[in-house]
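Right, one structure below, let's go through it.
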Amino acid sequence: MSDPYLQINNLKTHFPVEKGILFRKVTGTVKAVDGVSLSLAKGEVLGLVGESGCGKSTLGRTVLQLIKPTEGTVTLGSRTLTDLDGKELRSARADFQMIFQDPYASLNPRMTVYSMLAEAIQVHRKVPKADLAGAVGALMEKVGLAARFMRKYPHEFSGGQRQRIAIARALAVEPKLIIADEPVSALDVSIQAQILNLLSDLTREMELTMIFISHDLSVVKHISDRIAVMYLGRIVEIGPATEVFEHPQHPYTKALCSAVPMPDPDSERTRKRILLPGDPPSPLNPPSGCTFHPRCPHAEERCQAAWPSFESLKNDAHQAACVRLAELNQ
Amino acid sequence: MPLLDVNDLTTYFHTRNGVVRAVDGVSFQLEKGETLGIVGESGSGKSVTCMSMLGLIPQPPGRIERGTAHFDGTDLLHCTRKELQSIRGRRVAMIFQDPMTSLNPYLRIEDQLIEPLLIHGLADKVSAKKQALAMLDAVGIQDAASRIRGYPHEFSGGMRQRVMIAMALITKPDVLIADEPTTALDVTVQAQILELIKKEQQELGTAVILITHDLGVVSGFCDRINVMYGGKIVESGPTKEIFYNPQHPYNRALQNSIPALQAKGKELYTIPGMPPDMSKPSAGCSFAPRCEHATDLCTSEPPELQDIGQAHTTACLRVQRENLKP
Amino acid sequence: MALAGGVFILLLAGLSFIGPFFLEGDYYTNTVLEDKLTAPGGEYTLGSDHLGRDQLGRIIKGGQISLLVGLVATFVSLTIGIGYGTISGYFGGKIDSVMMRLVDILYSLPFVIFVILLMVFAKDLGDSIDEWFRARGSEFSISGQWNMLLLFVAIGAVEWLTMARIVRGQVMSLRQQEFIEACISLGLPTRRILFRHMVPNILGPVIVYTTLTIPAVMLLEAFLSFLGLGVQPPTPSWGLLIKDGADRMREAWWMLVFPGALFAITLFSFNFVGDGLRDALDPKTSKD
């Protein structure tokens, strides 16, 4: 891999659980993100997969400094984002943007598309007033919306169109890094494909580096170069997209892949499904050692001892954190 | 005679912005013990269809304009309130999408479980409690004897959906309507819940109607599938026919646009345009504006479902008349 | 409906504030004892009261006072409430805890005692300010308006608490919305997020509450005047007129019916205007 453009180093985001009305007492810690290290090359798309509560959204928000990390660093290009504060951070935000899940909540209902996009364009750049309408129009066309709709309010658009507006707003500041948090899961299937195509076209054209967060493995597989699988605040497996999807190594990834229902009646009726018992545990009191061990069909006593380190089998780019990795993947 | 025979069901919502034709002439049958999938995008009328049958449409603004829904000899749409109540929850049960809000947070699980039995007079309190415990055990809640005294908030999402299933099945209904039962759940939990519904269905011989937007979920689960678009059934047939021999252009386009079925890196197939505005009636086929095969005929003449063999029906004029091939 | 309400309020305001210029200076205090309790019609259009004062004139003056109290006190509570609530809700955490505990403490003070204390102590203050001016040879006197001023302060000081709570709740739930996160992520300055993105989105409930506050304030004024703490006779307010009218309901129905009806219509109008404003400000409903 070429020089990493985005480097995330041992990132931890812990939330104190407080009780009491006047004098708050910390009664516990939710370890939403618990020691994640990642690096992305420029222009790379990383898919981040995991179930609800695994910390994938928190990780995205921590990388973008919307939540302050408890520990660890995030470096984008030559700048360490975790060291920035106040004004510096605000001006640095031009480089990294977020696309949100719910296009109904991510647009201010009382602003027209024009004022929303014009505001975004002007945050970090000086644009003469006369040129603004042209810039907004160009931005709208880039995401596949007709410029003549710019005086409309968000509620006059459909879900897919709203998501396009949200994407346009994120692109307005000309970012280098985009974190897309479940950008298609609130949309209908036929609209999902449109947005996925748009995102992959844009990343290619603008050389965007992107982290694509989703719970849907098949969507992630389609758009990403690499996939990272998260479970309870940690990454358990990472590797090239097709390889992770087709030959998963970690027991959790295996179960996840087998649980995804395929729209193919024959294979759906014949294939063997790994059914995991129970629900994902709460990050408030995570199990000891490998946090997956209570649900893992292959767990042994040593799984409870310590968090396993990453290992590779054939391909160095494909890593998984499981003590029994070699024996389970013979 | 089918267990449930829905004929020309039409439900409109009369809103400030005009008449929304949510369900527009839907007909289908459900046999005993069968599993029927109703697939469609949001606003296609799949939920409203089932809510109409059970009298769960808020009226006004909703109104059932016409049609019948015969369940075991009773027309659910025209029977008395009392008749409907004796069927609903006892012989036809329903589970909803969101397990977090469909249980009453102030009542113990036990009290909610035995309620359907007591209401319908199927058991006294003692035996109802016994049945509730057995049912909770059957849906895979560990340590059921002590959990049954708990409150909903002590249960996780997947567990609550299990409780909902137990509640729906405790009266041993003939039909279970599951409206997006796994949409709010994680994939690994979704797999558990689907497996559970299947198991219970086989034991009790219940017929299931599964409403979902996820083609993946119905493919392994259902015997037959109705594909809905714009308030109408556009294609209906055995699961394999729907997936391996799709005829209606909407069904074809839908399957083509699923990322899971397409090679990586390839541009995804997309259906142009947007779902139809249900408050504006279209003269012809409601999919015509987005259909790549549409002709003048499609925009002027409304299509009807027609048999094209193998119990497969489709509502596309071009398929019916010219044998349009993929 | 909203339009009719608005027109009515404008007419009323015009009558109350501009009307007096065309009347004699003592239009509401001119006492003609022989004419007391004259029925409506004739010389007194709306009748006269128990001291033979023209009821129409008193209603006009009373409207002036009531509207002024209602609008000014509501405006005061609106400004403090929105500012306070927005800041408290947006920053959250410790700032929010401290700010909201303060509100709770103020809430827990019995309102009447609070106002009585304020009125009693501040009355002396007004006198001493006058004293201070007189000592320097100035003719300036404040004690004439002092009571009104105090009334605004007292009512405003109480009414903003609820407003602040409503605003805070709204802001807290808005803060969770993704579009606010998007603003932060864009790097917008906090001030802009607060006043360009937050405040317009909380206007709906705020306007509804405001239209409820204006009548509440007018009632409060009537209550305080009744206790002798608000507007001082012979200056009338609608509250005082209604009270006087209620005392003489049997002998002179016009003393109760006219101010009462006017008061009720005004309150209705404010409500209609509020509903209309809320719809007009919401882009979602403006089109259909």
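Taken residue by residue, segment B:231-250 has no member that is touching a helix residue (DSSP H, G or I) at 6+ places or on another chain (Cβ under 6 Å), aromatic (Phe, Trp, Tyr) and either at pLDDT below 85 or surrounded by fewer than 21 Cβ atoms within 10 Å (Cβ to Cβ) (or both). I need the full set of residues from segment C:176-188 which are out of contact with any Phe, Trp or Tyr (no Cβ under 6 Å at 6 or more places or on another chain) and facing chain A (nearest Cβ under 7 Å), in order please. Listed by number, the residues that qualify are C:GLN177, C:PHE179, C:GLU181, C:ALA182, C:ILE184, C:SER185, C:LEU186, C:GLY187, C:LEU188. Going residue by residue through segment A:115-131, is there one that turns out to be assigned to a loop (DSSP other than H, G, I, E, B), within 25 Å of C:ARG196 (Cα to Cα), modelled with pLDDT of 90 or more and open to solvent by less than 50 Å² (accessible area, probe 1.4 Å)? Checking segment A:115-131: not a single residue is assigned to a loop (DSSP other than H, G, I, E, B), within 25 Å of C:ARG196 (Cα to Cα), modelled with pLDDT of 90 or more and open to solvent by less than 50 Å² (accessible area, probe 1.4 Å).
Just one of the listed residues (C:ALA39, C:ALA122, C:ALA73) is of a type in the set (A, V, I, L, M, F, W, C), open to solvent by less than 40 Å² (accessible area, probe 1.4 Å) and in contact with a Gly (Cβ under 8 Å, 6 or more places away or on another chain), namely C:ALA73. The single condition among (1) in a helix (DSSP H, G or I); (2) of a type in the set (Gly, Ala, Ser); (3) within 17 Å of C:LEU188 (Cβ to Cβ) that A:ALA138 does not meet is (3).
Within segment C:178-274, considering only helices (runs of 4 or more DSSP H) that don't extend past its boundaries, which have at least 3 residues that are of a type in the set (D, E, K, R) and open to solvent by 10 Å² or more (accessible area, probe 1.4 Å)? Steps first, please.
Details: elements: C:178-186, C:199-226, C:238-247.
Output list reads C:238-247.
Residues in segment B:16-44 that are within 14 Å of chain A (Cβ to nearest Cβ) and assigned to a loop (DSSP other than H, G, I, E, B): B:ASN17, B:GLY40, B:GLU41, B:SER42, B:GLY43, B:SER44. What number goes with the only condition from (1) in contact with a Pro (Cβ under 9 Å, 6 or more places away or on another chain); (2) assigned to a loop (DSSP other than H, G, I, E, B); (3) open to solvent by less than 30 Å² (accessible area, probe 1.4 Å); (4) hydrophobic (A, V, I, L, M, F, W, C) that B:MET100 does not pass? So B:MET100 meets the others, but not (3). Quick one: which of B:ILE148, B:ILE177 is away from chain A (no Cβ under 14 Å), at pLDDT 85 or above and surrounded by fewer than 24 Cβ atoms within 10 Å (Cβ to Cβ)? None of the other options fit; the residue is B:ILE148. In segment A:1-83, counting only strands (runs of 3 or more DSSP E) that sit wholly within it, the ones holding 2 or more residues that are in contact with a Phe, Trp or Tyr (Cβ under 8 Å, 6 or more places away or on another chain) span A:25-41, A:45-49. Take A:ALA259 and decide whether it is closer than 17 Å to A:CYS322 by Cα and without any contact (Cβ under 8 Å) to a residue 60 or more places away in the chain. Here the answer is no, as A:ALA259 does not meet what is asked.
Determine whether A:LEU89 is part of a strand (DSSP E or B) and open to solvent by less than 40 Å² (accessible area, probe 1.4 Å).
Here the answer is no, as A:LEU89 does not meet what is asked.
Filtering segment A:267-285 to residues that are more than 22 Å from the chain's Cα centre (by Cα) and within 20 Å of A:VAL33 (Cβ to Cβ) leaves only A:ASN285.
Does segment B:176-187 contain at least one residue that is of a type outside the set (Phe, Trp, Tyr) and on the phi > 0 side of the Ramachandran plot? Yes, the conditions are met somewhere in segment B:176-187.
Determine whether B:GLN190 is under 22 Å from A:ALA186 (Cβ atoms), touching a helix residue (DSSP H, G or I) at 6+ places or on another chain (Cβ under 6 Å), within 14 Å of chain A (Cβ to nearest Cβ) and polar (S, T, N, Q).
No.
Scanning segment A:124-145 turns up one or more residues that are within 11 Å of chain C (Cβ to nearest Cβ) and farther than 18 Å from A:SER57 by Cα. In this structure, is B:ASP277 within 13 Å of chain A (Cβ to nearest Cβ), under 30 Å from B:GLY18 (Cβ atoms) and surrounded by fewer than 17 Cβ atoms within 10 Å (Cβ to Cβ)? So B:ASP277 passes the test.
The values are calculated or read from the model by the stated rules, or taken from the named source; none is laboratory data. Computed from a predicted structure; not experimentally measured. Every residue, glycine as well, gets a Cβ built from its backbone with ideal geometry; the counts of neighbours run over all protein chains shown. Note: areas computed on protein heavy atoms with side chains; ligands, DNA, RNA excluded. Shrake-Rupley method; radii C 1.70, N 1.55, O 1.52, S 1.80 Å.
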